[in-house]
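What follows is a set of notes on a single structure, which appears directly below.
Nothing in this text is a laboratory measurement; each read-out follows from the coordinates by a stated rule. The model shown is predicted, which means the values in this text are computed figures rather than measured ones. Virtual Cβ from ideal backbone geometry, glycine too; neighbours counted across all protein chains shown.
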Amino acid sequence: MRLLKSFIVWICFIPVAILNGGLREYVLVKFIGEETALPVSGILLSVFIFLVTWLMLPRLVKGCGMKGCLAIGVCWALLTAAFESAAGITGGSTITEILAAYNPSTGNLWVLVLATTLLSPVLLKMFRQI
C-alpha cells in the first residue's frame, strides 16, 4: 500500500520535470547558454525532486522503515527511467540518443536526477522521521 501511495508523489515529478525543461529552454539557455543550462537544469530538477519528496512523502507514507524507503526509491527510479525512455522513443529519439543522456561528460546530469529520485526517500528517512 505504501508503494501505491508513493506513486502519487512520483506522479508529481512529471509536471515538475516538464516545467524545469521549459525553464531551461526558455530562460536558462537565453541567459547562460545551452552548454551551461543543461547541467544547471539537472541540478535544479534534482533539488525540485527532493523538495517534492520532502513535502509530500511523509504525509502519505507514515511509519515507513529504511527498507520501505529504499523500495520506494528503487520503484521511482525505475519508473522515471522507463517514462523518460518511452517519452524519448515516442518523441522520435533513437536508443543511442536516449542512452547519451546517461553520460555526464556531455553536460547532461540525468544520472544525478535518477540518483536523487532513488535516494530521496532514504535521505528523508535519515533526516526526518517518516
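Data overview
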item	result
Farthest toward positive dipole pole in the chain [+1 Lys/Arg, -1 Asp/Glu at C-beta], among 91, 43, 56	56
Coil-residue chymotrypsin sites (Phe, Trp or Tyr not before Pro) of the stretch 80-130, DSSP, other Cβ within 10 Å capped at 16	102
Förster-model FRET efficiency, 22 Å R0, residue 55 and residue 112, C-beta, rounded to 0.05	0.60
Placed amide H near residue 61: partners under 5 Å, 5+ positions off or other chain	none
Vicinal HN-Hα couplings computed from phi for the stretch 80-89 (Karplus, 6.51 cos²θ - 1.76 cosθ + 1.60; Hz; Gly/Pro x)	5, 4, 5, 4, 5, 5, 4, 5, x, 5
Approximate shape of the chain as ellipsoid semi-axes (Cα gyration tensor, √5λ), whole Å, largest first	27, 16, 13
Surface/4 estimate of mean projected area, convex hull on alpha-carbon atoms of the stretch 61-130, nm²	5.3 nm²
Gain on full stretching of the segment that runs from residue 25 to residue 103 - 0.36 nm per residue minus C-alpha separation	26.1 nm
Hz values of 3J(HN,Hα) by residue in the stretch 30-39 - Karplus curve (6.51, -1.76, 1.60), Gly and Pro given as x	5, 9, 10, x, 5, 5, 8, 5, 5, x
Debye, to nearest 20: dipole size of the chain, +1 on Lys, Arg Cβ, -1 on Asp, Glu Cβ	820 debye
Equivalent ellipsoid, the stretch 1-55 (semi-axes from 5 times Cα gyration tensor eigenvalues, Å)	27, 10, 7
Contact order relative to length of the chain, as percent, for alpha carbon pairs under 8 angstrom and 6 or more apart	36 percent
Spin-label model distance (nm) - residue 40 vs residue 83, 7 Å beyond Cα toward Cβ	2.5 nm
The stretch 40-100: mean projected area of Cα convex hull, nm²	5.3 nm²
